[in-house]
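The structure appears below as structure tokens.
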Amino acid sequence: MISYDLVKRIAQDIQKNIQMPLYIIDRSGNLIYGNGDFFEKKAGFLDAKIEYKYERDTYEINGFTFYNIFYEDVPAFVISLEGNDKETKRLIYLIAIIFEQLLDRYSKEKFLIDALAGKLEKNTVRCYADRYKLNKKSKYIVIIVESNNEIEDAIKIVTNIFNKTYLHIVKIDNRRFVVIFPYKESISLLESYKTIKDMIESEGYIKVKIASSSSLVSIEDIDRAYKEAEVALTLGQKLDNEKGIYIYDNYAFAELLWGIDINKVKNFISKKEIDFNIFKDEELVQTLNAFFKNSLNLSETSRELYIHRNTLVYRLDKIFKMTGLDPKKFDDALMLKTIMILTKLYDISG
């Protein structure tokens, strides 16, 4: 779809070569191009919006001539000239031809790729959502599936898993594709992602990593969800590489710490007398992560790890001796979590 910025630039060039004022109105009846006096002249923009629902030839309202620009039955915008004589109608036809030829005929895949990248205006996204029958009332989740191998077979497998009527798959390149689907409370996202990963790896014989957005967004804000999935993929691979499934909410705190000057990070950590061997001890790291996950609750953590409460306390005391930070205290736990994330994000080994 042609962007409104380009519409304005073209309209400006056209206006230089014609005498009568040119006006362009968007799908909601807002003025895209033209002097602000358009509505002051009572051009009947409410009537124009009503007429705009139908694909017609030219029509006249209050001394103005209108022409609707459509793309395959989907309204794009309306052009209008002041006047209603034969010359005005002839001119508006010529202007309409210019815009209709400039309409970028997006395929569904091209539209979704540009929408994910945030290259399209919201009006354009809504227009093509109509064209390709994407439900504008739904809230969407975005997942990225990435592999070091070709992903054509993986796309076929995912397509067969889900109902094609509501699932939208976009191939970004030979190693990555995106799945866009409306959220339903009855669906366990994590279980769905495990199913996708297991089926691709068992049937497609390739290893994949899956990253998901957390926000539920309308189709016009789909770029925000894609950015979340990208962040989850980038940080998830740094912090939990072996995990293979990364959901944005789990890395929101890490995102705050990502992008800090490396020298500041090293200076911050060097002030803490920490035995970095703790971060090489899988048992202690697993214990800390479970303890954080369970909000520093000893009973819940011991149950999750299938260990006695005294064993858990022994491990936490060992961590205290190695770091000088007591994970049972909130402030110390927060400091420990921050340092754990920083050491992984910035590959600091002590």
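The values are calculated or read from the model by the stated rules, or taken from the named source; none is laboratory data. All of these numbers come straight from a predicted model, not from anything done at the bench. Reconstructed Cβ throughout: ideal geometry from the backbone, glycine too, with neighbour counts over all protein chains shown.
Going residue by residue through the range 291-299, is there one that turns out to be within 23 Å of Thr234 (Cα to Cα) and buried (at least 16 other Cβ atoms within 10 Å of the Cβ)? Yes: the range 291-299 contains one or more residues that are within 23 Å of Thr234 (Cα to Cα) and buried (at least 16 other Cβ atoms within 10 Å of the Cβ). The single condition from (1) outside the structural domain of Asp26 (by TED's automatic domain parsing); (2) touching a helix residue (DSSP H, G or I) at 6+ places or on another chain (Cβ under 7 Å); (3) closer than 28 Å to Asp13 by Cα that Leu134 fails is (3). Listed by position, the helices (runs of 4 or more DSSP H) inside the range 116-232 whose residues that are closer than 29 Å to Ala254 by Cβ, of a type outside the set (S, T, N, Q) and touching a residue at least 24 places away in the same chain (Cβ under 8 Å) number at least 3 are 189-203. Looking across the range 281-294, the residues that are assigned to a helix (DSSP H, G or I) and among the polar types (S, T, N, Q) come down to Gln286, Thr287, Asn289. Looking across the range 1-58 at every residue that is closer than 25 Å to Arg131 by Cα, among the β-branched types (Val, Ile, Thr) and not in a loop (DSSP other than H, G, I, E, B), the one that is modelled with the lowest pLDDT is identified as Ile50.
All of Ile260, Ile348 fail the test of being closer than 30 Å to Val145 by Cβ and part of a loop (DSSP other than H, G, I, E, B), apart from Ile260. Of all positions in the range 133-150, none carries a residue that is among the β-branched types (Val, Ile, Thr), within 17 Å of the chain's Cα centre (by Cα) and at pLDDT below 90.
Condition check ((1) of a type in the set (Gly, Ala, Ser); (2) outside any helix (DSSP H, G or I); (3) in the same structural domain as Asn250 (by TED's automatic domain parsing)) across all residues:
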| site | (1), (2), (3) |
| --- | --- |
| Phe279 | no, no, no |
| Leu296 | no, yes, no |
| Asn310 | no, no, no |
| Asp326 | no, yes, no |
| Ala333 | yes, no, no |
| Lys337 | no, no, no |
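For Lys207, the requirement of being under 30 Å from the mean Cα position of the chain (by Cα), under 30 Å from Lys171 (Cα atoms) and basic (Lys, Arg) is met. Does at least one position in the range 73-82 carry a residue that is at pLDDT below 85, among the acidic types (Asp, Glu) and within 33 Å of the chain's Cα centre (by Cα)? Yes: the range 73-82 contains one or more residues that are at pLDDT below 85, among the acidic types (Asp, Glu) and within 33 Å of the chain's Cα centre (by Cα).
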